[in-house]
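The values are calculated or read from the model by the stated rules, or taken from the named source; none is laboratory data. Remember, it's a predicted structure, so these values are computed and weren't measured experimentally. With ideal geometry, Cβ positions are generated from the backbone for all residues, glycine too; neighbour counts draw on all protein chains shown.
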């Protein structure tokens with residue numbers, strides 16, 4: 001009993017430090033379904049996923065899709081080394097109907113300059129200069145003479161939110177070179193950035209046993225603080241989640257954390273797009 005008491009004292013807060021209603025999945029889904037874009041010619045909010053190899057970028061999109069659809073989804077191939085970027089939409093419950101947001105997935109970042117996607121290419125994606133399906137070269141970023149380079153991208157072509165995906169279990173071990181690449185991209189783009197912290201179940205035994213304790217766990221908050229300090233992202237823009245990996249049926253707690261994250265991502269991306277439309 002004493003051992004258990006000491007364990008809780010050093011691993012748990014008395015109260016959750018971020019509010020979560022663990023019965024609100026349906027409300028979160030309805031909020032997404034009711035969301036409508038009302039920004040001139042912008043038909044979709046564009047959200048770009050980036051992060052180190054193995055961070056769970058593609059798995060995050062698949063997990064969000066699984067949470068929304070209510071069944072196992074795997075539209076994005078989990079391949080961190082692919083040389084192309086792909087856009088993924090999320091279907092609504094009617095034929096040929098989609099949510100007004102799209103995810104752009106890219107190859108993972110690596111420490112070596114000769115591997116992974118070049119930061120100049122990431123910046124050009126953010127600014128809407130690169131056409132869908134372009135094959136990236138880690139050493140030679142796209143040039144303005146390339147046939148896949150868009151010279152006059154519209155607000156619709158541009159990225160409206162940068163989503164940095166990092167693994168909670170080894171966030172401290174990510175090389176400084178990769179972190180600097182991520183910060184360089186954010187600094188050049190000057191668009192909203194949100195961090196998704198995946199693999200919270202691997203980072204904390206308490207959370208592995210009960211996902212509801214994600215915002216009671218001292219270890220998870222420490223990991224989020226490390227993420228904030230290393231990336232320069234404020235704590236209220238960091239969302240810990242557990243991606244679907246082995247599961248083939250939906251888990252309500254996993255879904256709620258994923259839906260909370262996407263709801264905030266959409267709100268921030270929409271606000272940015274509205275401001276940009278007013279400024280043009």
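Summed over the stretch 225-257, the residues that are part of a helix (DSSP H, G or I), in contact with a strand residue (DSSP E or B) (Cβ under 8 Å, 6 or more places away or on another chain) and closer than 26 Å to residue 27 by Cα give a count of 2. For residue 233, the criteria (1) buried (at least 19 other Cβ atoms within 10 Å of the Cβ); (2) closer than 27 Å to residue 117 by Cβ; (3) over 17 Å from the mean Cα position of the chain (by Cα) hold in every case but one, which is (3). Here's a check for you: in the stretch 93-114, which residue that is surrounded by 15 or more Cβ atoms within 10 Å (Cβ to Cβ) and out of contact with any strand residue (DSSP E or B) (no Cβ under 6 Å at 6 or more places or on another chain) is modelled with the highest pLDDT? The selected residue is 100.
Look at the stretch 58-72: where a residue is at negative phi and surrounded by fewer than 24 Cβ atoms within 10 Å (Cβ to Cβ) and a partner is part of a helix (DSSP H, G or I) and modelled with pLDDT of 90 or more, sitting 6+ places away or on another chain with Cβ atoms under 6 Å, you get 72/66. The residues in the stretch 120-155 that are touching a helix residue (DSSP H, G or I) at 6+ places or on another chain (Cβ under 7 Å) and either crowded, with 20+ Cβ neighbours inside 10 Å or at positive phi (or both) can be counted, and the count is 5. In this entry, residue 158 passes the filter for residues that are at negative phi, crowded, with 19+ Cβ neighbours inside 10 Å and in a loop (DSSP other than H, G, I, E, B).
Scanning the stretch 260-280 for residues that are surrounded by fewer than 22 Cβ atoms within 10 Å (Cβ to Cβ) and under 15 Å from the mean Cα position of the chain (by Cα) yields 260, 263, 264, 266, 267, 268. Here residue 189 clears all of (1) farther than 21 Å from residue 54 by Cβ; (2) within 18 Å of the chain's Cα centre (by Cα); (3) exposed (fewer than 15 other Cβ atoms within 10 Å of the Cβ); (4) in contact (Cβ under 8 Å) with a residue 24 or more places away in the chain except the condition numbered (3).
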